[in-house]
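For reference, the structure discussed in these notes is given below.
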Number of protein chains: 2
Amino acid sequence: MPRLVGQIDSSKTEAILDAAAEVLAERGLAAPIEEIARRAGVSKQTIYNRYGGKTELIQALVEKRVDSITAPLRSPGAEEHPEETLAAYARSLLVVIEKGGYSLMRLTIQSAGELPELAREVYANGPMRSRGQLAEYLELETRAGRMKVEDPMQAAEFFGGMVMANRQIQALLRLPTGLTEAEIDRLATEAARIFMRAYSV
Amino acid sequence: MPRLVGQIDSSKTEAILDAAAEVLAERGLAAPIEEIARRAGVSKQTIYNRYGGKTELIQALVEKRVDSITAPLRSPGAEEHPEETLAAYARSLLVVIEKGGYSLMRLTIQSAGELPELAREVYANGPMRSRGQLAEYLELETRAGRMKVEDPMQAAEFFGGMVMANRQIQALLRLPTGLTEAEIDRLATEAARIFMRAYSV
DNA sequence: TGAAAACTGGACCCGTGCGTCCATTTATCT
DNA sequence: AGATAAATGGACGCACGGGTCCAGTTTTCA
């Protein structure tokens, strides 16, 4: 039921992207466009009307979603004690993984051979940007005399790595991490504690 | 030139695995077996004689190589001061990445949908095992009174993450990390220094 | 020299999935 | 009502690649 003459139906666009995310997460690059169309309740032609082909669809999907997935990570709230803030940040990192946010990353890795620019963009808008924000925070806290961080980007990389590395690989390998809320909390708290030991004034 | 009557030519087996590693690294799961055969200087049939099919070939390749790639990581030498030992360990982690050791990981990730057991095995024999060894070392140093590590596995995970996480993702995304020897050294040294700050007695 | 088994290379079948085409339908604007 | 344009769905051509088959060759052992 198009809403305008000669205007594309944008509700279908959403349905397509949702279905694409789903099928691509399940089957990877091998995901057939026909299956995406079927699940979106849309004809294959409709997909080709919007996107020239499969690679464009993937690009559109990833570019559109990376931001929204990593958005919650971007602003460590600067109210509480740094250890609290860091723990909260770590928790949000882990939640992204736990909630399946890594299927896009897996997809990007699979496509990296054919779509190197996409890989660059995902890296810049995902891990890189979120790390930059954390670095800013660390610098602020250092200025405020609550921490002692000489190389904020380096430190941010360390912290992100401490929290993520293992779960990251597990998620990419599709191994169920099976972290309970309590375990997430413990891990986040412990990472923040250790990090503060290393970077306290 | 087979060396035994009715015996498979093991030099060809090696050629097949080498070629498979090469082509699979380049083209991922989409790598055609014919291309592997071509580069191995072997007929397609010969490959099918040894391995039932593509998935078996991949399994054989990965299982056979994971060990040799991660072998250098397994034994942190316990002679020097822990900070030195940790830096050396970190360096060897980074070298594995730098030398392209992550193409097998990328391949395993791509295959994880169809070959979940392979994913489990790679994880267990790669990151997991090497982390276990590091944990043992940390425990030893703690007993010796040179460090203070309460949860060795957790600490090992932290250290590995600090060193690897970022480069790991870059490598998987095929982004050139372009680390010079000097940068590797700096990163390893810094990670060891920070880690020791957090876990010193 | 003959047997045994692997290797070759090329042909072959076949499933899958991309991308195209098109006649028909549906919906909206003038 | 008529024009306009998107949406449908089904058929189609086509390339690619997995896996099989086989007749002929090479190699080594007995």
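The values are calculated or read from the model by the stated rules, or taken from the named source; none is laboratory data. On a predicted model such as this, the values are computed, not experimentally measured, just so you know. Because the Cβ atoms are built from the backbone with ideal geometry, glycine has one as well, and the counts that use them run over all protein chains shown. Keep in mind that these areas ignore ligands, DNA and RNA; they rest on the heavy atoms of the full protein, side chains included. Shrake-Rupley method; radii C 1.70, N 1.55, O 1.52, S 1.80 Å.
Any residue at all in the stretch A:157-166 that's free of Cβ contacts under 8 Å to residues at least 40 places away in the same chain and more than 10 Å from chain B (Cβ to nearest Cβ)?
No, there is no match, as no residue in the stretch A:157-166 is free of Cβ contacts under 8 Å to residues at least 40 places away in the same chain and more than 10 Å from chain B (Cβ to nearest Cβ).
Taking the stated definitions as given, is B:Thr70 within 16 Å of DNA strand C (Cβ to nearest atom), within 14 Å of chain A (Cβ to nearest Cβ) and either within 30 Å of B:Phe195 (Cα to Cα) or hydroxyl-bearing (Ser, Thr, Tyr) (or both)?
In short, no.
When you check B:Val23 against the structure, is it within 14 Å of chain A (Cβ to nearest Cβ), closer than 30 Å to A:Ser111 by Cβ and under 15 Å from the mean Cα position of the chain (by Cα), yes or no? Walk me through how you get there before you give the answer.
Details: within 14 Å of chain A (Cβ to nearest Cβ): yes; closer than 30 Å to A:Ser111 by Cβ: yes; under 15 Å from the mean Cα position of the chain (by Cα): no.
When the stated conditions are applied, B:Val23 does not pass them.
What's the number of the only condition in (1) surrounded by 16 or more Cβ atoms within 10 Å (Cβ to Cβ); (2) closer than 30 Å to A:Thr55 by Cβ that A:Val149 fails to meet?
(2)
What number of residues within the stretch A:130-150 are of a type outside the set (Asp, Glu) and within 13 Å of another protein chain (Cβ to nearest Cβ)?
9
Kindly provide the set of residues from the stretch A:142-200 that are in a helix (DSSP H, G or I), β-branched (Val, Ile, Thr) and under 18 Å from the mean Cα position of the chain (by Cα), ordered by number.
If the condition is that a residue be in a helix (DSSP H, G or I), β-branched (Val, Ile, Thr) and under 18 Å from the mean Cα position of the chain (by Cα), then A:Val163, A:Ile169, A:Ile184 are the ones that fit.
Out of (1) in contact with a helix residue (DSSP H, G or I) (Cβ under 7 Å, 6 or more places away or on another chain); (2) more than 11 Å from chain B (Cβ to nearest Cβ); (3) modelled with pLDDT under 95, the odd one out for A:Leu104 is which?
(3)
What number of residues within the stretch B:124-139 satisfy the criterion of being free of Cβ contacts under 8 Å to residues at least 24 places away in the same chain and in contact with a Lys or Arg (Cβ under 9 Å, 6 or more places away or on another chain)?
So the answer is 0.
Just for the stretch B:108-121: of the residues that are more than 7 Å from chain A (Cβ to nearest Cβ) and open to solvent by less than 20 Å² (accessible area, probe 1.4 Å), which one is farthest from the chain's Cα centre (by Cα)?
Out of the qualifying residues, it is B:Leu115.
Does the stretch A:178-201 hold any residues that are open to solvent by 20 Å² or more (accessible area, probe 1.4 Å), in contact (Cβ under 8 Å) with a residue 40 or more places away in the chain and of a type in the set (Gly, Ala, Ser), and which are they?
Of everything in the stretch A:178-201, just one residue is open to solvent by 20 Å² or more (accessible area, probe 1.4 Å), in contact (Cβ under 8 Å) with a residue 40 or more places away in the chain and of a type in the set (Gly, Ala, Ser), namely A:Ser200.
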